[in-house]
1. Can you name the residue in the stretch 321-356 that is surrounded by 24 or more Cβ atoms within 10 Å (Cβ to Cβ) and β-branched (Val, Ile, Thr) and, of all such residues, is nearest to LEU170 (Cα to Cα)?
2. So, LEU215, is that one surrounded by 22 or more Cβ atoms within 10 Å (Cβ to Cβ), out of contact with any Asp or Glu (no Cβ under 8 Å at 6 or more places or on another chain) and over 30 Å from LYS32 (Cα atoms) or not?
3. Only one of ARG302, ARG322 is of a type in the set (D, E, K, R), over 24 Å from LEU177 (Cβ atoms) and either out of contact with any Phe, Trp or Tyr (no Cβ under 9 Å at 6 or more places or on another chain) or outside any loop (DSSP other than H, G, I, E, B) (or both). Can you tell me which?
4. Hey, can you tell me all the residues within the stretch 104-123 that are touching a residue at least 12 places away in the same chain (Cβ under 8 Å) and over 21 Å from the mean Cα position of the chain (by Cα)?
5. Could you list, in sequence order, all residues of the stretch 124-163 that are in contact (Cβ under 8 Å) with a residue 24 or more places away in the chain, farther than 20 Å from ALA39 by Cα and basic (Lys, Arg)?
6. For VAL169, all conditions in the list (1) surrounded by fewer than 24 Cβ atoms within 10 Å (Cβ to Cβ); (2) touching a helix residue (DSSP H, G or I) at 6+ places or on another chain (Cβ under 8 Å); (3) not in a loop (DSSP other than H, G, I, E, B) hold save one; what is the number of the exception?
7. From the list LEU63, LEU17, which one is buried (at least 22 other Cβ atoms within 10 Å of the Cβ) and either in the same structural domain as ILE159 (by TED's automatic domain parsing) or of a type in the set (Asp, Glu) (or both)?
8. What are the pairs with Cβ atoms under 6 angstrom where one residue, in the stretch 275-303, is within 15 Å of ALA247 (Cα to Cα) and the other, located anywhere, is at pLDDT below 95 and hydrophobic (A, V, I, L, M, F, W, C)? Sequence gap at least six, or different chains.
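The values are calculated or read from the model by the stated rules, or taken from the named source; none is laboratory data. The shown structure was predicted, so the numbers you read here are calculated from the model rather than taken from an experiment. As a convention, Cβ positions derive from the backbone with ideal geometry for all residues, glycine included, and neighbour counts pool all protein chains shown.
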Amino acid sequence: MDFNLYFKSRQGEMVHLLKNIVSRESPSQDKKAVDACSAFVLGEFKKTGAKITRFPQKKIGDLHLVEFQGHAKSPSEGRTLILTHIDTVWPVGKIEKMPFYISGDKVYGPGVLDMKAGLVEAVCSLKALHQLSLRPGRKIAIFINSAEETGHDASREIIARLANGSGLVLCLEPALLGGGLKTQRKGRIVIRLEVKGRAAHAGTPGKGVNAIEVLVDQLHRLKRLATGGITLSVDLIGGGEKANVVAEAAWAVMDIRFWNSVQKDRIISAFKHLKPTASGAKFKFMVENLTPPMEKTKASIRLFQQAKKIGSAMGINLAEGRTGGGSDASIASSLGVATLDGLGPDGNGIHAENEHLLLSSLVQRTALLTELLLQL
């Protein structure tokens, strides 16, 4: 079966499905909107005869697992786990100023690349297997995360549990620019640093300890961590109560990215050994979010080589690379499970108003995913 031709002939159906999913806006923080979008997507998956399991959530959109047995006879332990997410960074109403449209080979819209196109790939691939009565090598399980962009303990725990019971993991996040697959990703740690000082009248600042000044000084010192590929970005900050009162408290939240566990330990150690630059000041830090790095492993390298060989037979030349952004694939990879990321389409503008994908790439990647599911 030439899946390149098969999905090329169904390009119109794929675009229509993508438009329907993108038009159902689903920002991470809006449970009602995310659940509505999920309901539509699940309706498409049900057409393949797949089993749907819902994991109800109170604060985020419900999480879902789509299981496709097909004709496979392999045990669930050898299943292929596909990771997707349905939430986006865009608020409801953004589509009015950032509409879904096609210009040449480019398809634009909020969340079109990150990663509603991945959902289209998964749906269309399962439909092809179902309609053509094809026998996948393994049972297929598709996890739909509702809060990948923000991170959530419930989804992380489910992904870890599913990954541990899987033979391999495929993540449908966008490809690297140019179509490369991702075998390495940075880890991410979000740290909140709080400083406690001592209030005093602004006219006699020496009687107090200005928490804002202490915090700013420490942030400059922490910038020294940014070596060896580590990045540190201070993205939230606050402190003080009134202009005429020495600030008694201040805080900042930092997003820190790193390539490996050694670097992560170095970061944590740096915060543990912070020393006040002013007598009487006190520090407290909290890890608000932690995503492990996707380090290159022997298992993932073998999986990439298999995918490269399959792609080559289809006329697709696959390269590998790394990226600073995190994804759910890192969770699976950190457990030692063979993981391949970036199987979504090529495009650009993630989290930006020029977000778009290449339509030809969407067709090609869906063909590749289908072949991978049959051969791996």
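1. THR339
2. yes
3. Step by step, each of ARG302, ARG322 is checked, and only ARG302 is of a type in the set (D, E, K, R), over 24 Å from LEU177 (Cβ atoms) and either out of contact with any Phe, Trp or Tyr (no Cβ under 9 Å at 6 or more places or on another chain) or outside any loop (DSSP other than H, G, I, E, B) (or both).
4. Looking only at the stretch 104-123, we keep the residues that are touching a residue at least 12 places away in the same chain (Cβ under 8 Å), and these are 105-123.
Selection gives ASP105, LYS106.
5. Once the filter is applied, which keeps residues that are in contact (Cβ under 8 Å) with a residue 24 or more places away in the chain, farther than 20 Å from ALA39 by Cα and basic (Lys, Arg), the stretch 124-163 yields ARG135, ARG138, LYS139, ARG156.
6. (1)
7. LEU63
8. Matching pairs, first to second residue: PHE283/LEU274.
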